[in-house]
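Before any comments, here is the structure.
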Amino acid sequence: MNHNPDEYYNRTEVSNSDLTALRDIIHPRPQFGDREAAFRFGTLVDAIITEPARVDYYRLTVDDVQYTDDEFLHAKEMQRSLRMEARHDQFLAKVLELADTQRFMVNHGQEFTYCEYPFHLDTRCKWDWYLSAFGFGGDLKTTFASSQQEFDEAVDFFDWDRSRAWYMDIAHSDRDFIYAISKKNCKVFKKFINRGDEIYNRGREKYEELAFQWWLLTPKTA
């Protein structure tokens, strides 16, 4: 298992994060909260749950990023909530037991169509959890949502539907899932996605437009 995140982020294929950056340029909208702080804390929770080798509990660091005692205590509380949820959620229990964590995939020459116009991109994604034996995976999120309704709204607002459709199409998988842990009350929310359902179709529509815009901006070789 690779514990150096730079190897993934330095790759040149198009990622969902690249599409988010492009969205913020061509479809700017108000930002709520501190995005950098949310990403920083999410990285801590992700590492504790899916990449513990990156975590130094004595120095309170992930890689070389310093955290506080309170941040570590909060993240550990959220991890405990996920483990407690797995006691009565058999699927989550199997995910925590069997899934490959932080596995990345690359798809060279992936085919897309936007408004009946075909094009190709080299793409990549990095799974929080991937169940190799079953050919699908899912995502771990931290969220400010404190209810299932707020979480459902967050799936659309933060384009988590787009990311799941993007990952599914890179892996050619027909199923996907999200588990999210609330930063407010440590409740665990979940969402299952199937190819062709409302969440998948909405997410695919979002990424196809952005992927086409990315392709238009990419220098073409003769």
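Computed on the chain, with alpha-carbon pairs under 8 angstrom and 6+ residues apart, the relative contact order is 19 percent.
Based on DSSP H segments of at least four residues, each scored -39500 (n - 2.57), the chain has a per-residue ellipticity at 222 nm of -14500 deg cm²/dmol.
Across all Cα pairs in the chain, the calculated P(r) in 5 Å bins from zero up to the longest distance comes to 1, 6, 14, 18, 20, 18, 12, 7, 3, 1, 0, 0 percent per bin. Would you please classify the overall shape of the stretch 136-222 from the alpha carbon gyration tensor, given that a ≥ b ≥ c denote the square roots of the eigenvalues, rounded means a/c under 1.5, and beyond that prolate means a/b larger than b/c while oblate covers the rest? Taking the square roots of the gyration eigenvalues as a ≥ b ≥ c, the stretch 136-222 is prolate.
Listing Tyr117, Tyr58 from fewest to most neighbouring C-beta atoms within 10 Å gives Tyr58, Tyr117. Here Asp161, Asp34 are placed in order of increasing Cβ neighbour count within 10 Å, fewest first, which gives Asp34, Asp161.
As a test, work out the antiparallel percent of DSSP beta bridges whose residues both lie in the chain, rounded to the nearest 5. Among the beta bridges of the chain, antiparallel pairing accounts for roughly 75 percent.
Around the Cα centre of the stretch 4-102, unit charges on the Cβ atoms of Lys, Arg, Asp and Glu (plus for the first two, minus for the last two) sum to a dipole of about 320 debye.
Here, the stretch 14-64 yields an orientationally averaged convex hull projection of 4.9 nm² when only Cα atoms define the hull. A Stokes-Einstein calculation at 20 °C with viscosity 1.002 mPa s, built on the Kirkwood radius of the stretch 96-174 over Cα pairs, returns a diffusion coefficient of 151 µm²/s. Taken about its Cα centre, the chain carries a charge dipole of about 360 debye when Lys and Arg each add +1 at the Cβ and Asp and Glu each add -1 at the Cβ. Cβ crowding within 10 Å ranks Glu7, Glu71, Glu208, Glu116 as Glu116, Glu7, Glu71, Glu208, fewest other Cβ atoms first.
Each of Ile48, Ser163, His88 was scored by the projection of its Cα onto the charge dipole of the chain, and the greatest displacement toward the positive side belongs to His88; charges sit on the C-beta of Lys, Arg, Asp and Glu. Post the alpha-carbon centroid distance, the stretch 156-199 to the stretch 65-119, in whole angstrom. Cα centres, the stretch 156-199 to the stretch 65-119: 10 Å.
A short reminder: the numbers here are calculations on the coordinates, not readings from a lab. All values reported here derive from a predicted model rather than from experimental measurement. In this analysis, Cβ positions are derived from the backbone assuming ideal geometry, glycine residues included, and neighbour counts consider all displayed protein chains.
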